[in-house]
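Chemist: Supplied in structure tokens, the structure appears directly below.
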């Protein structure tokens, strides 16, 4: 029996968890269109997320993010990588849960820090102690990621190919239920 992988896959997780990288690979593997909500916001506004944070503040960015997730999650047969904070908004969690399968890419704070410490385009980490900030974000968001997730995948120290081999059977099991 051929596996039916139609429908949407939404990726959630903290910054540096691998949502964009894994999302692109998933989209290619299952012949879906890939979107990254942050990239779409940047494309629509013509400026970087960091600039939106700087000029308009986080709350205005979150409004833009909510509109973008609502718009993108209504598309069909896509893979969407969401911003790390998207789950903070109950409307985003509802959209994701109702419109596709949600994959939580989970990594340790140590791994997330190693992956993001040199990235100056992450406004929430432009602080004196970015690792402590990541720990704080993890503690706040991990329960929300788990709440919305259909599948939880540990991305610590794994290749994209290995992650895909872990994700595929879990998606297959969900879709065949």
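Nothing in this text is a laboratory measurement; each read-out follows from the coordinates by a stated rule. In this text, all values refer to a predicted model and were calculated from it rather than measured experimentally. Neighbour counts run over all protein chains shown; Cβ positions are idealised from the backbone, glycine included.
Chemist: Can you give me the C-alpha center-to-center distance between region 140-177 and region 65-99, rounded to a whole angstrom?
Modeler: Answer, in whole Å: 17.
Chemist: Can you give me the relative contact order of region 9-175 as a percent, contacts being Cα pairs under 8 Å and 6 or more apart?
Modeler: 32 percent
Chemist: Using only Cα atoms and rounding to the nearest 10 degrees, what angle (0 to 90) does helix 130-148 make with the longest principal axis of the chain?
Modeler: Taking the Cα atoms of the chain, the angle to 130-148 is about 40 degrees.
Chemist: A further question on this structure: On a 0 to 90° scale, report how tilted helix 19-29 is relative to the longest principal axis of the chain, with both axes built from alpha carbons and the result rounded to the nearest 10.
Modeler: 20 degrees
Chemist: Give the peptides 157-163, 7-13 in descending order of average Cβ contacts within 10 Å, highest first.
Modeler: Output ranking for 157-163, 7-13: 7-13, 157-163.
Chemist: So what are region 50-106's ellipsoid semi-axes, whole angstrom, largest first, if each one is the square root of 5 times an eigenvalue of the alpha-carbon gyration tensor?
Modeler: Rounded to whole Å, the semi-axes are 21, 12, 10.
Chemist: Helix 90-99 against the longest principal axis of the chain: what's the angle in degrees, Cα atoms only, rounded to the nearest 10?
Modeler: 20 degrees
Chemist: Grab the DSSP H runs of the chain that are 4 residues or longer, score each as -39,500 (n - 2.57), total them, divide by all residues and round the 222 nm result to the nearest 500 deg cm²/dmol.
Modeler: Calculated mean residue ellipticity at 222 nm is -17000 deg cm²/dmol.
Chemist: Further question on the same structure: Whole percent per 10 Å bin, from 0 to the bin with the longest distance: what is P(r) over all C-alpha pairs of region 9-175?
Modeler: Going out from 0 Å in 10 Å bins, region 9-175 shows 10, 41, 38, 10, 0 percent.
Chemist: May I pose another question? Highest mean first, what order results for 69-76, 136-143 on Cβ atoms within 10 Å?
Modeler: Ranked by mean Cβ neighbours within 10 Å, highest first: 69-76, 136-143.
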